[in-house]
Every structure is written in C-alpha cells, then in structure tokens.
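> Here it is, the structure, as structure tokens.
The values are calculated or read from the model by the stated rules, or taken from the named source; none is laboratory data. In this text, all values refer to a predicted model and were calculated from it rather than measured experimentally. As a convention, Cβ positions derive from the backbone with ideal geometry for all residues, glycine included, and neighbour counts pool all protein chains shown.
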Amino acid sequence: MNKNFITLGLIVMTSTAYSQMKYAPVTDTVRIQTIEDINLHKTGNPNKAKPLSTKSNLTVMENPQPIAIVTHEIIEQQQARQLSDVIKNVNGIYLTSARGGSQDSFGGRGFTFANDNIFKNGARVNSGVFPEVTSLERVEVLKGANAMLYGNVGPGGIVNLITKKPRFEFGGTLGFSAGSWNAYKPTVDVYGPLSKSIAFRMNGTYEYAESFRDIVQSKKHYFNPSFVFNIGENTQLIVEGDYLQHQFTPDFGIGSVVDGATGISRLATEIDRKQFLGANWQYQTNKQATTDVILNHKFSNSWTLNAVASYQNYTKDYFSTERIQWNYDSSKNNLNPSWKRSVGRTYNEQNYTSLQVNLNGEFKTGKVNHKLLVGTDGDYNQADNYTYAISSGDFGTLYLNNPATWTNEVTMPAADRSYRRRIPTKRFGVYLQDFVELTKSVKLLAGIRYSYLTNGESTDNIFIPGTKIPAVSAETKNHAFSPKVGLVYNPNENLSVFATYTNSFVPNAGFDFYTRGALDPSTVDQYELGIKKNLWNNAIAVNLSVYQINNNNTYTQPINNPTGDTTLRIYAGAVRSRGAELDLTGNPTKNLSLIGGLSYNNAVYTKTPNDGFVEDQRLVRTPAFTANASAFYTFTEFAKGLVIGASAFYTGDRKAGWNDVKGQSQVTRMIDVGGFTTVDLSLGYQWKKLMVQGKLGNLFDVVNYNVHENYSVNPIMPRNVYFTVTYKL
C-alpha cells in the first residue's frame, strides 16, 4: 500500500508566502496525508491537476474540456472580497446582475447561470447568496455543458467551491481587513491534530461594510468547522459544515428611463451613483447552513471510491421597495418622468439533501488502458415560497428631474403571510465514463448519463382565508440520456489537442400558453475544439478553445397575455452560441504569478416562430468580449518580502432589458450598456509571520453598471482602498 496516498480537496499552504513550511511526517497510524496537489500550488499550472469537479482521476490535460482553477493563493493575493472577485480570473465567465443586487450572479458562453450551476465540494447548493471566500481552498470552473456528470445544469458551465480542509500539524492564521466606507472584517483559521488519526479545522469571520451608496450596508457572520478521520490506512472520512448569515440592504440602483418620444429605454445615468432611492428600512436576510460527509476509500492502487452526502437549509427573508422604472405620463404631456414606489415582501425556504457515489478504476483489455468512472447521484429538494398581503399605502412618487422628491423616509407597511406554496423536486442519475488510450498518443473519452427529474405537484397552506392564489401546478416528469464523446491527441505530457461533442437538457418551468400542458425540456448540443499547451518548463499553461452551443428550443412569456398568469409561456425559438476562449495561467518563476485571458462570444436567437424573438439579435446580458490579466511578483533578494501586483478586468458592451419579439409595438425592449475596464493595484510586505497587504481598487474610478433586465441598475464600486493584516500561527 502506498503510504503517500493523496486525497484531493485537502489544503496546502501557498508556495510563495509559506514555501519553507514542513509537512507533518507520515506515521504508521496516519497513512493518508493532508497534502493536496503540490505541483499546482508551486507552478500555478492547472493542466496537470486532477480537479474534484470532474469526479474522475483524469488530469486537466487529459480532459477534452476547458477547466479553470483559481487557487487560494490568487484569492489571497488579490484580497478578493466576494465570489465575483474570484470569478473575474476565469475568462469567458462574466458577472451579471440579480434582482436588487441580492446575490453573486454569473453567465458563461451566452447563458445565465441558474441555481443548478453552483456547487460546493461537489454538492449542489443554492446560489442565492454571496458566498464567503476566506474559507475557499480553490474554485474550479468546468466551462460549457456538463450534463453527463451533473444532469440538468445550464450549458454555460458549473462553478464548484472547494473549502479548506483539516491538516495534521498545528497552524493557521489570524487576520483583519478594513477598507473604504467603514468596511472591516476579522478572520480566524486554525487547524491541527486531535490525535494521530483525527484532525480539525475551524474557519470563521464577521464582516461589516457600509457602501458608497447612501444607506446601503451589510453584515455577515460565517463559521466553517471541519474534521477528518483516518479510518485505517485506506479509508478517510471528512465531516464539515458551514453557516452563513448575511443581512444587507437590497438595492435597485438608479433604474432606467423610457423616452417619452421614441419609446427607447436608457439608463438613468444623470442620477449620482451614490444616490439610494429605496426606503431606509428595507432589508434582506439570507441564512445558509450546509453540511457534508465525504468518504474516500482505496480498494487498491487501481480502484478508489468517493461518496458525498450533503444537506442544505437556505432561507431568504426579503422586504423592500421594488423595480425602479422612470416613465413618462403621456396623458399629461409630462416632460418629467416619474417612478411610483411599490413594495415587495417574500420569504423562501429550501431544504435540500443529496448523495453521490463515484467509483474510479484503471485496468487493461489486452494492451489498451482504461480509466473508468461509474457513478450515481440523487437529491431531494423541498422549496417553500411564502406570499404576503401588504397593507395599502402611498410609498411616494419620485420625479427624475426633482431630487427633492427622492426621500428615503418611507413608512414600513404591515405585511401578513397570506399563503405558502410548497414544491418538491427529485433528481436521480447514473453515469458511466471510460477514458481509453487507443494508442500512446490518441485517447478516446466516451460517457453517457441517464437522468430522471420530477417536479411534484404544488401544495398550498392558506393563512388568510379567502386569499386568491394561482392554480396548483401539476406534477411534471422529465428524463433524458446525455452522451459525451471526446477525442484527445496527446503526443507528449505538455501538449493536448481535443475535439468534443456533448448533449444535455434543461427543464423549463411553466406551462404552454395554448395547451396549458407542461413545457418540454430544452435540448442542448455542444461542439468544441481545443488545444492545451504547457510552456516555460511546464510552469505556464496556454489553453485555447472554440465552441458552438445549440439550445434547440426556448420559451418566453407572451407579450399579450390577457390571463395575467405569469407561468404561461410560448415557444420562442432556438439559441446558437459561438465563441473562443484563450487562457494563460502559471508561475514562470517562483517569484512571478501570471493569469490572463481573452474570450469572444456571439449568442443569438435562430429559427424563431412568428411570435418568437427577433432572429440574429444578441442575447441580453451577454458581452461579446471579456478579458482579464493579473501579475504578482514577490521579491526574495532585493527588498525581500515585498509583493507587488496589478490586475485588470474588461467586460464588453452588453444589452440590458429583454430581447425583442416579433410583432411588438415598441421600438426595442433592449438597453445599450457600454463596456468597461477596471484596474487594481496591490502592495504587500511579509516579515517573518506577519503579512501586510493593501489594494487600490478601480484605480481610474471608472463609472459603469451591472443591469438586471431594465429595472435593477447597480453602479460598480468606485475607486476604493482595502487593507489586510495576516499573522501566521
């Protein structure tokens, strides 16, 4: 038995700041080291890493798919404050906007990431939060369609958050961060052995931050304990949990204006970016508690088992003023657009349980080598949505050209729960994948998955007698086979050329406008070509891919809907997404860390019916170009301990609002949003166990916006400063 059996997912300290650290020796009792992929952290090159997200023993170089890994070294160097700061390092994945700026929202390859695209330690989690990043060992992103491994996920990609794990030597860090607008954040991370076979880790933080936006503020509590149990020399059990409570001010930004003469919408950019237009009492409180149990077992040098059981409870308590849309009153020939405030109140709860088992093995049939993955997964979700009856009242009418009307002093109305709607969801899947070495240089990956999904019949609990509620939704069942085939040409360990086809499906919520029947799932075909190359003595990865994704059937709400039922949909046509992505990642020297990327995407509607979307029109919220670049240098001789760095992120022109539909009465439903580039500068100094870092964010004080549809227009953060002091225990 190999005493140096390595379990993926366990932490290693940074190669720059903590390169002199010695790992605890392996004793006869502790056979499984708490050491991750050292080469990844030393070189920064992800191509030879074995990401957890692929569920297999294949390296990134062997996988016929673009895979990005952002390690905790990068997260710490850049002083990332939330997940969107981390994802900026993954080109082709871009920040979108949620309603009221209430969560980190992403898109990729022309498609918005839904709730099914975010995972933690391989288990699906609710994406309606701002995840805590100080607990992350790394973030893995599988770009493109991933139905063969994960079932009904959107075709843009999946994001897997890998949390830090226990270690068998005492250590950790104490930290404190502070920055512009009264932001401060103490952190603690302590780990060590409890016995020769049990280790622990405790990670936690509190964060308070006001905002460049008046009245807006945020408070966050986070706690992440974990334990590892080495059960014999071949079996390891990891038990971990985390709890996040985040209370903040929902913020709909500055809104958009409908031109009274042309009917064309624009952003209300004449409003100062610090001006808050909501009420001084509005709030949103998210709570997310997750726990998972991970079992790793080694049957032999060739066969291993991984099983993950997970539970999540998520709640969202929301009470706020709503959609900011400035409109002209044409009946009064009014030249001063106005917005009449409305108020919304919701409470949502989700209880989610999942289990997955993955068996990996290597064997030969004759002279042909196989790397086999056999797996199954299933989950059960119970979603409760509470609706409220809000007392009537005048919450104010604001006039765009009269700032005196922009008061935040609004009386909070009474709101009583009227009814609760509960919808259960079940998923089940089995999958098989074989990576076959046809020759020394030519490899074939072939896999298939069977998925079964049931959305149960909704049930209601009425709290206020006589409440009018929507019709009960019927049970729907979907099942599909999702194949994946990839050919890899791998003449040496530093070059890989691949071609891939994969098919997936995405369930559609709602009902057909004409038949009232359940909607068919969308079927998605993806074709991709790519090349992965290691340069500079294997220290830098340069990866290039081109792709086409065809979403063969999409649905939308009809423009003219006399029923008022928002669950009804009409067939809208197909979507074709084409693009290219170039990545550069690595450490050409032990002192220099580089990340760079450039992506292009063109996603449009095609084959649309007479009442569908306008063809060949770019999808809203999808930039044509994105780019990122980051460089950090650590001095080891002259000015020893000094670290300097710079990062730049570009998001191209986008369209907000909605895509146009054939036969609509207005000129266009879309809003132009220009592209922008932000630049951050970083400076740090390490002296013995103490590290001091500072960052100047948005150096050139660029003004731009993240837009959700046409009513939530949130300015990006202005120029800001942020400092972090870290003491290594």
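> Checking the conditions here, which among V661, V707 is at pLDDT below 95, crowded, with 16+ Cβ neighbours inside 10 Å, aliphatic (A, V, I, L, M) and farther than 25 Å from T626 by Cα?
Going through V661, V707 in turn, the sole match is V661.
> Additional query: Kindly list, by first and then second residue, each pair from a residue in the range 265-291 that is modelled with pLDDT of 95 or more and surrounded by fewer than 17 Cβ atoms within 10 Å (Cβ to Cβ) to a residue that is among the basic types (K, R) and not in a strand (DSSP E or B), limited to pairs with Cβ atoms under 9 Å and residues at least 6 apart or on different chains.
K274/R213; Q275/R213
> I need the full set of residues from the range 72-118 which are of a type in the set (A, V, I, L, M, F, W, C), at pLDDT 90 or above and farther than 20 Å from N601 by Cβ, in order please.
Result: I74, I75, A80, L83, V86, I118.
> Now a separate question. Scan T315, T304, T291 and give me the residue that is assigned to a strand (DSSP E or B) and more than 25 Å from K165 (Cβ to Cβ). Don't jump to the end; show me each part of the working.
Numbers: T304 fails: more than 25 Å from K165 (Cβ to Cβ); T291 fails: more than 25 Å from K165 (Cβ to Cβ).
Every option except T315 fails the conditions.
> Do we find that L277 is of a type outside the set (K, R) and in a loop (DSSP other than H, G, I, E, B) in this structure? Give the steps one after another, and end with the answer.
Numbers: of a type outside the set (K, R): yes; in a loop (DSSP other than H, G, I, E, B): yes.
Yes, satisfied.
> Same structure, new question: Return the residues of the range 68-110 that are part of a helix (DSSP H, G or I), over 20 Å from I540 (Cα atoms) and either without any contact (Cβ under 8 Å) to a residue 24 or more places away in the chain or under 13 Å from the mean Cα position of the chain (by Cα) (or both); say none if nothing qualifies.
L83, S84, D85, listed by residue number.
> What pairs come up if the first residue lies in the range 670-683 and is under 27 Å from R266 (Cβ atoms), the second is part of a strand (DSSP E or B) and hydroxyl-bearing (S, T, Y), and their beta carbons are under 7 Å apart, counting only those six or more places apart or on different chains?
I671/S256; I671/S265; V673/Y705; G675/Y650; G675/T651; F676/T651; T677/Y650
> Further question: For T407, state whether it is modelled with pLDDT under 95, β-branched (V, I, T) and either assigned to a strand (DSSP E or B) or under 26 Å from Q247 (Cα atoms) (or both). Talk me through it step by step, then tell me what you get.
Numbers: modelled with pLDDT under 95: yes; β-branched (V, I, T): yes; either assigned to a strand (DSSP E or B) or under 26 Å from Q247 (Cα atoms) (or both): yes.
Here the answer is yes, as T407 does meet what is asked.
> Assuming S127 fulfils every condition listed in (1) among the polar types (S, T, N, Q); (2) touching a strand residue (DSSP E or B) at 6+ places or on another chain (Cβ under 8 Å); (3) closer than 30 Å to V442 by Cα apart from one, which condition is it?
Against the list (1) among the polar types (S, T, N, Q); (2) touching a strand residue (DSSP E or B) at 6+ places or on another chain (Cβ under 8 Å); (3) closer than 30 Å to V442 by Cα, S127 comes up short only on (3).
> For the range 439-446, does any single residue satisfy the condition of being assigned to a loop (DSSP other than H, G, I, E, B), modelled with pLDDT of 95 or more and not β-branched (V, I, T)?
Yes; the residues of the range 439-446 include at least one that is assigned to a loop (DSSP other than H, G, I, E, B), modelled with pLDDT of 95 or more and not β-branched (V, I, T).
> Can you find even one residue in the range 224-239 that is assigned to a loop (DSSP other than H, G, I, E, B), closer than 30 Å to Q284 by Cα and modelled with pLDDT of 95 or more? So that I can check it myself, show each step before the final result.
Kept after step one, since they are assigned to a loop (DSSP other than H, G, I, E, B), are these residues of the range 224-239: 232-234.
If we keep only those that are closer than 30 Å to Q284 by Cα too, we end up with none.
For the range 224-239, residues assigned to a loop (DSSP other than H, G, I, E, B), closer than 30 Å to Q284 by Cα and modelled with pLDDT of 95 or more: absent.
> Do any residues in the range 502-516 that are closer than 20 Å to G157 by Cβ have Cβ atoms under 9 Å from those of residues that are in a loop (DSSP other than H, G, I, E, B) and at pLDDT below 80, where the two are at least six apart or on different chains, and which pairs are they?
Note: pairs meeting the criteria are V506/A114.
> Any idea which residue in the range 361-382 is modelled with the lowest pLDDT, counting only those that are basic (K, R) and exposed (fewer than 15 other Cβ atoms within 10 Å of the Cβ)? Talk me through it step by step, then tell me what you get.
Within the range 361-382, the first condition is being basic (K, R), and the residues that meet it are 364, 367, 371.
Now restrict to residues that are exposed (fewer than 15 other Cβ atoms within 10 Å of the Cβ): 364, 367.
Numbers: K364: 95, K367: 90.
Looking at the filtered set, the residue picked out is K367.
> Let me ask you something else. Among R323, R345, which is the only one that is surrounded by 15 or more Cβ atoms within 10 Å (Cβ to Cβ) and outside any strand (DSSP E or B)?
On the way: R345 fails: outside any strand (DSSP E or B).
Selected residue: R323, the only one of R323, R345 that is surrounded by 15 or more Cβ atoms within 10 Å (Cβ to Cβ) and outside any strand (DSSP E or B).
> I would also like to ask the following. When you look at V472, is it aliphatic (A, V, I, L, M) and within 30 Å of S545 (Cβ to Cβ), yes or no? Break it down into steps so the answer makes sense when it comes.
Values: aliphatic (A, V, I, L, M): yes; within 30 Å of S545 (Cβ to Cβ): no.
So V472 fails the test.
> Further question on the same structure: Any idea which of N561, N552, N537 is out of contact with any Gly (no Cβ under 7 Å at 6 or more places or on another chain) and at positive phi?
Details: N561 fails: at positive phi; N552 fails: at positive phi.
Answer to the selection: N537.
Rundown of residues vs (1) over 30 Å from P66 (Cβ atoms); (2) part of a strand (DSSP E or B); (3) within 24 Å of the chain's Cα centre (by Cα); (4) among the aromatic types (F, W, Y), yes/no style:
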| position | (1), (2), (3), (4) |
| --- | --- |
| M148 | no, no, yes, no |
| P155 | no, no, yes, no |
| I158 | no, yes, yes, no |
| I162 | no, yes, yes, no |
| F168 | yes, no, no, yes |
| G172 | yes, yes, no, no |
| G175 | yes, yes, no, no |
| T187 | yes, yes, yes, no |
| E207 | yes, yes, yes, no |
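> Looking at N230, is it farther than 28 Å from S97 by Cα, touching a Phe, Trp or Tyr at 6+ places or on another chain (Cβ under 9 Å) and of a type outside the set (G, A, S)?
Taking the combined requirement at face value, the residue satisfies it.
> Now for a separate question. What about R213, is it part of a loop (DSSP other than H, G, I, E, B) and either farther than 20 Å from Q77 by Cα or of a type in the set (D, E, K, R) (or both)?
Taking the combined requirement at face value, the residue satisfies it.
> Go through (1) surrounded by fewer than 15 Cβ atoms within 10 Å (Cβ to Cβ); (2) touching a residue at least 12 places away in the same chain (Cβ under 8 Å); (3) polar (S, T, N, Q) for N408 and report which single condition fails.
Status for N408: all satisfied but (1).
> When you check D416 against the structure, is it farther than 21 Å from N351 by Cα, part of a strand (DSSP E or B) and acidic (D, E), yes or no? Step through it out loud before you land on a result.
On the way: farther than 21 Å from N351 by Cα: yes; part of a strand (DSSP E or B): yes; acidic (D, E): yes.
Yes, satisfied.
> Inside the range 635-658, can you point out the residues that are closer than 20 Å to G697 by Cβ, in contact (Cβ under 8 Å) with a residue 60 or more places away in the chain and of a type in the set (A, V, I, L, M)?
Scanning the range 635-658 gives a single hit, V643.
> Looking only at the range 606-626, decide whether some residue is surrounded by fewer than 17 Cβ atoms within 10 Å (Cβ to Cβ) and within 30 Å of N591 (Cβ to Cβ).
No, that holds for no residue.
> From the residues in the range 585-626 that are small (G, A, S) and under 30 Å from N553 (Cα atoms), which one is nearest to the chain's Cα centre (by Cα)? Give the steps one after another, and end with the answer.
Residues of the range 585-626 that are small (G, A, S), as a first pass: 586, 593, 596-597, 599, 603, 612, 624.
Narrowing further to those that are under 30 Å from N553 (Cα atoms): 599, 603, 612, 624.
On the way: S599: 18, A603: 20, G612: 30, A624: 20 Å.
Step by step, filter the range 585-626, then rank; the result is S599.
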